[in-house]
Amino acid sequence: MECDHLSRSYWIKKSNMSHSNKRTRRTNALAAPAPKVDASGVWIDTQKATIVTLGIRGANVKEVELDASAHRRILTSKNSGSRFGRHFINNEHGQQDKLDLEMARFVAGVVDAMPVRSEVVVFGPAHAKLELHKALKADPRWKEARIRKVAADRMTRNQKVAWVKLYFAK
């Protein structure tokens, strides 16, 4: 029996057939190992979070988005500063404080939307994954959970689900 290597974690086994049957029978074709049932993955960006929860029936996907209108309102406020005598007072610190508060509310909403699991992987392209990791570590509901963070690029919804399944199948 020979094996063809398709990807890093999948193998196809071929059985030798007689010449009368010209087709090659595949056994265990693309049979991925079963992922852990009590695990979830969170892909997070500064604008949206996708929560992938693995279960017996498959993957459950939930998305949490940042309130874009409030974010736009903070960034495009017309009062960018003022004059106080000869000095110019800039409002950058106030804007940054508003953005930090907005990010903290977004991360808290993601934590509230997540079901408690024994293993969680937080992945994504932005610094928001670090904020979510800190929030999960600080929350007493997640005290027993094993929480890991991984850098990842932007992905489609199906790629996120496949990534989480493959990550926990290892």
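The values are calculated or read from the model by the stated rules, or taken from the named source; none is laboratory data. No experiment lies behind these values; they were computed from the predicted model shown. Here Cβ is always computed from backbone atoms with ideal geometry, including for glycine, and neighbour counts include all displayed protein chains. Side chains are part of the model used for accessible areas, which takes the heavy atoms of the whole protein and leaves out ligands, DNA and RNA. Shrake-Rupley method; radii C 1.70, N 1.55, O 1.52, S 1.80 Å.
Restriction of the GluC sites (Glu not before Pro) in region 105-170 to DSSP coil positions whose beta-carbon has at most 16 other beta-carbons within 10 angstrom yields GLU144. When the surface is traced with a 1.4 Å probe over the full set of protein chains, SER118 keeps roughly 50 Å² accessible.
Legend: distances between Cα atoms for LYS48/LYS170; LYS62/LYS98; LYS134/LYS160; LYS48/LYS165; pairs beyond 24 Å are LYS48/LYS170; LYS62/LYS98. Of the listed residues HIS133, HIS127, the order by accessible area with a 1.4 Å probe, largest first, is HIS127, HIS133.
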